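Values in this text are rule-based calculations from the coordinates and carry no lab data. What you see is a predicted model; the values in this text were computed from it and never measured. Reconstructed Cβ throughout: ideal geometry from the backbone, glycine too, with neighbour counts over all protein chains shown.
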There are 2 protein chains.
Amino acid sequence: MKRTLTGKAEKSLNSFYWLACILPLLWLSGCKPQAQDRSSPPALRPELLPKFEAIKDLGLRQEKAYEFLKLITSIGGRLTGSPEADRAVELTASLMTELGFDRVWTEPVKVQRWVRGQAEEAMVRSSKLGTQALSICALGNSLGTSADGLEAGVVEVRSFEDLAALKDVVPGRIVFYNVPMDRTVVEPFAAYGRAAQFRVRGASEAARYGARAVLIRSMTFRVDQNPHTGLMEYDDRAPRIPAAAVSTAGAELLHHWLRTDPELKVWLRMNCRQEEPVTSANVIGQLTGSEFPDEIILIGGHLDSWDLSPGAHDDAAGCAVAIEVLRLIKETGLKPKRTIRAVMFMDEEFGGTGGRAYAASDSRKQEKHLVAIEQDRGGAAPVGLAFSLEILTDRLKPLLAYLGPLGINWIRTGGGGVDIGPLREKGATLGGLIPESQRYFDYHHSALDVPEAVHPRELELQAVILAMVIYFLAEQGV
Amino acid sequence: MKRTLTGKAEKSLNSFYWLACILPLLWLSGCKPQAQDRSSPPALRPELLPKFEAIKDLGLRQEKAYEFLKLITSIGGRLTGSPEADRAVELTASLMTELGFDRVWTEPVKVQRWVRGQAEEAMVRSSKLGTQALSICALGNSLGTSADGLEAGVVEVRSFEDLAALKDVVPGRIVFYNVPMDRTVVEPFAAYGRAAQFRVRGASEAARYGARAVLIRSMTFRVDQNPHTGLMEYDDRAPRIPAAAVSTAGAELLHHWLRTDPELKVWLRMNCRQEEPVTSANVIGQLTGSEFPDEIILIGGHLDSWDLSPGAHDDAAGCAVAIEVLRLIKETGLKPKRTIRAVMFMDEEFGGTGGRAYAASDSRKQEKHLVAIEQDRGGAAPVGLAFSLEILTDRLKPLLAYLGPLGINWIRTGGGGVDIGPLREKGATLGGLIPESQRYFDYHHSALDVPEAVHPRELELQAVILAMVIYFLAEQGV
């Protein structure tokens, strides 16, 4: 790219041109509210436009969302129940207090405490190949091995059907689920969804047939040496055996080594363990509604993360965006009619206890949650919006002309999240902003999920857009 | 993000679901071609769908576009007229031959040869501040300083109006254009377009008032120590003075140092120079049309780059995508009716001579270029399409249902590029794919434009989408 660019494509994205095009349209729609019936979406009030412009300018100039993300990630990994998670509770409560939100408080959540421990090693031992290191990490919730580790032969499978077919050779061995995310599935979350069942259920399925441990290929398209952790669950009807993730490069190597020496052994040592449950907290800050304080538009992220990295995309990004949304609305001088609330949920990765505790709290009795948004798909550039209620996607359509230049080109039905799920039963519409996702699983649950993997402007655009959407909802209701 | 995700948003992006939804629609539209008039776009033929699915699967499985990008960038910087640019000509010609394209050849282009030289240094010298290093690089086309460098006081300006107002203090000094890209402009290319005028015209404007040299703040939103080069031009009516870019961090520091000591001096040494023009080449490969071989759909990128990095986004990405588009079409067994041509243009960054030579070549006389696409906006995830002809954007609309899950949510009028510009006069419709651009200027023309800054799947999605669009155009004509 050489120098200046001309042409309509550029021009239409220039902010001045943008306002100039939209203002007349909005004045027109704003001038005839009487013509509006239930089937047509409420128009954008033209006096909102300079406020929206101010939100955009403030956000993009300061990039505070990224500053908040760096603050949260400076603590390091924030595994639920850990001292780091407690520090994140204190830090975000202080931050929101300092930002001058109308009310900031915490609500207790009882969480389990799984600890990775120090030793986490695996070796391939083979008469033909010698000794080879294998990059692994324990999966969350797994029990450890004995202090000396365990050593066994390996059975490689690509499906639960493979496992059933090989049930006679499984007893006493380690089952190696070598199931890559399907690269031909364009949407990485869909590919992840299919592959994750082996991580979640693989240990108990294999233990039923007599396996001693499981190794699960990491869930990422990239082939590298970083193992990706994540939750696994034990089925009470099967013996409990250790479960580890192996890096994708390690999985490829192990696959080839098994072709050379099917009798090779893997030695595995992990001293991860469950400790006593502890009390942690959700952290809540809000701008209280001027007319309907008990009607709530919620935006949240989860404060806990995995422990291999500071969890920048997952989910310091979501927490940072939630705080920045409220800051942008406050700093722009907007006074929402309904309450806009930022919630940093605890314990999304392990049990979702924070989300359930939030919904079940006695203090919710006086409140009606109209809309709950959970940002937990990473901090990349915005591409769309998704809400669980068709009528809401219709209502938001007038915003699209405004949000297009910011990257949002569609509103679909869909959306949800672990933490806000329990609010659905209480009548809330769930949803959120959908970011570009091609890079997300490169980082997800691995040592690579660091602040440098998040782009300050991309993250800020999320906050800018959500501030506009959330303020609009807080004014219009649902 | 914990584990599997459900909801319509995921489901709709799953490739199986995608085909299942679209097939009935396309069968319907395919069954009644007689109902189609000039005003309605031609429908997608349903037999195309499995071919498109095959293009997607092949592309995403192999990620060859990134492999081609790594090959091209392995040469290093490819400044027009340099030995490295010559090697890139040989390499891409060999690559396309090896891939078995129907015809591969080069066409000569006369290009200038600017050489950066070794010495490129700047220091701030101040009685109050001592000596401070300043990270700079020569701008392309600039002449050097004398062997000892030059030293002068500094005048900081933020506009050409500032410069005019300060014309009495400019003589004998270095003019420092400290004009940041406007962060509040959402579209980075628009912000770049506005700031780039100082880089291009700044030296001559300052020289008119008697300046001895210019320092231009680098064109990027990020604040770091990497200077970003780019073309500058001399106006024949003004004296020629050296022009350098200063990194954004350097610009911020210099701004503050000038507040402390307005009398500070900057010492600058560069030995960049123009050498004799040389003959280079455009590299061309094609799949020859089975019915209309002289009707051409062109996809191109530029092979030359700046020299501070291997030019991964700018524009190894465009070249790699062009080659991969043809490979995907060929490997999928598609036989286009019209010729599909990949052109690696030479000398986009300096003079656009490659594009002009291509359009003016005698061998073009028998040819009619229907559509020319230039990919020169980086290798990030696709977001839209832009074409210069309204009727073409209409014709491409049936593809949108198909391209939506791949990231394309709009087709607009617009588009173009330095190299394909001259083809417009010859009746070609210009256009291309628009990628996400928030990260682009972090890398652009700096040492940071390395392969690691490009994501293999994002780049491949560009190729997959363009292969579909280009094959469709090669079948339908325009």
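Could you work out how far the C-alpha centroid of segment A:178-235 sits from that of segment B:401-478, in angstrom?
34
Determine, for B:229, A:288, the number of other Cβ atoms within 10 Å of each Cβ, and report the residues in order from fewest to most.
In order of increasing Cβ crowding within 10 Å: A:288, B:229.
What is the average number of partner chain Cβ atoms found within 10 Å of a Cβ in A:305-314?
Partner-chain Cβ atoms within 10 Å, mean over residues of A:305-314: 0.
Check each of the trypsin sites (Lys or Arg not before Pro) in segment A:162-230 and keep only those in coil by DSSP with at most 15 other C-beta atoms within 10 angstrom; list them in order.
Answer in residue order: A:167.
Treating the point 7 Å from Cα along Cα-beta-carbon as the label, what are the nm separations from residue B:165 to the other copies, to one decimal?
7.8
Only Lys, Arg, Asp and Glu count, each charged at its Cβ (+1, +1, -1, -1), so figure out the dipole size of segment A:117-271 about its Cα centre, rounded to 20 debye.
Using Cβ point charges on Lys, Arg, Asp and Glu, segment A:117-271 gives about 80 debye.
For segment B:286-326, state the average projected area of the convex hull of the C-alpha atoms over all orientations, rounded to one decimal in nm².
Projected area, direction-averaged: 3.1 nm².
Of all the Cα-Cα pairs you can form in chain A, what percent are over 38 Å apart?
31
Calculate the mean, over all residues of peptide A:188-200, of how many other protein chain Cβ atoms lie within 10 angstrom of the residue's Cβ. Spell out each step's value before the answer.
Working: counts 2, 8, 13, 4, 5, 7, 2, 1, 5, 2, 0, 2, 3.
Shielding by partners across A:188-200 averages 4.
Take the residue pairs A:110/A:337; A:167/B:64; B:335/B:365; B:70/B:397; A:51/B:397; B:335/B:397 and return only those whose Cα atoms are more than 27 Å apart.
Over 27 Å Cα-Cα: A:110/A:337; A:167/B:64; B:70/B:397; A:51/B:397.
Can you list, shortest first and in nm, the gaps between the label point of residue B:110 and those of its counterparts in the other copies, using a point 7 Å from Cα in the C-beta direction?
The projected label point of residue B:110 is separated from its counterparts by 8.6 nm.
Helix B:64-73 versus the longest principal axis of chain B: what is the Cα-based angle in degrees, 0 to 90, to the nearest 10?
Once rounded, the angle reads 30 degrees.
With unit charges on the beta carbons (Lys and Arg positive, Asp and Glu negative) and the dipole taken about the Cα centre of chain B, which residue among B:369, B:122, B:359 sits farthest to the positive side?
Working it through, the farthest residue towards the positive pole turns out to be B:369.
Hull surface divided by four, with the convex hull built on the Cα atoms of the protein assembly as shown: how many nm²? Present the calculation step by step, with values, prior to reporting the outcome.
Details: hull surface 171.8 nm².
Value for the protein assembly as shown: 43.0 nm².
Run the numbers on chain A and let me know its relative contact order in percent, using alpha-carbon pairs under 8 Å that are six or more apart.
Numbers: 1108 pairs, mean separation 98.2, N = 478.
With pairs under 8 Å counted, the relative contact order is 21 percent.
Just how large is the dipole of chain A about the Cα centre, in debye to the nearest 20, putting +1 at every Lys and Arg Cβ and -1 at every Asp and Glu Cβ?
Once rounded to the nearest 20, the dipole reads 900 debye.
Picking from A:251, A:305, A:288, whose Cα lies most toward the positive end of the charge dipole for segment A:240-306 (charges on Cβ: Lys, Arg +1; Asp, Glu -1)?
A:251
Could you put B:137, A:319, B:272 in order, starting from the residue whose Cβ has the fewest other Cβ atoms within 10 Å?
B:272, B:137, A:319
If each label sits 7 angstrom from Cα along the C-beta direction, how far apart, in nm, is residue B:360 from its counterparts in the other copies?
7.9
Quick one: grab Rg to one decimal and Dmax as a whole number for segment A:117-271, Cα atoms only, in Å.
Gyration radius and largest Cα-Cα distance of segment A:117-271: 14.2, 43 Å.
Using a 10 Å cut-off around each Cβ, can you sort B:218, B:204, B:309 from fewest to most neighbouring Cβ atoms? Could you put the intermediate results ahead of the total?
Details: B:218 31, B:204 21, B:309 24.
Starting with the residue having the fewest Cβ neighbours, the order is B:204, B:309, B:218.
Please report the relative contact order for segment B:117-271, taking Cα pairs under 8 Å with a sequence separation of at least 6, and give it as a percent rounded to a whole number.
39
Just how large is the dipole of the protein assembly as shown about the Cα centre, in debye to the nearest 20, putting +1 at every Lys and Arg Cβ and -1 at every Asp and Glu Cβ?
Computed about the Cα centre, the dipole is about 1360 debye.
What list of whole percents do you get for P(r) of segment B:232-332, with Cα-Cα distances grouped in 10 Å bins up to the one holding the largest distance?
Percent of Cα pairs in each bin: 10, 23, 25, 19, 14, 7, 3, 0.
Averaged over A:59-72, how many beta carbons belonging to a partner chain fall within 10 Å of each residue's beta carbon? Working shown, then result.
Working: counts 2, 7, 3, 1, 2, 0, 0, 0, 0, 0, 0, 0, 0, 0.
So the per-residue partner count for this stretch is 1.
Report the residue of chain B with the smallest Cβ-to-axis distance, using the rotation axis that brings B onto A, in whole Å.
Nearest Cβ to that rotation axis, in whole Å: B:409, 2.
Can you give the helix-only mean residue ellipticity at 222 nm for chain B, where every DSSP H stretch with n ≥ 4 adds -39500 (n - 2.57) and the sum goes over all residues, rounded to the nearest 500 deg cm²/dmol?
After summing the helix terms and dividing by residue count, I get -11000 deg cm²/dmol.
Across segment A:321-410, what fraction of all alpha-carbon pairs, as a whole percent, falls in each successive 10 Å bin from zero upward?
12, 35, 41, 12, 0
On C-alpha positions alone, give me the angle between the axis of helix A:456-476 and the longest principal axis of chain A, in degrees, nearest 10.
Compared with the principal axis, the helix lies near 50 degrees.
In segment B:117-271, what % of DSSP beta bridges are antiparallel (nearest 5)?
On the way: 17 of 30 bridges.
If we restrict to bridges inside segment B:117-271, about 55 percent are antiparallel.
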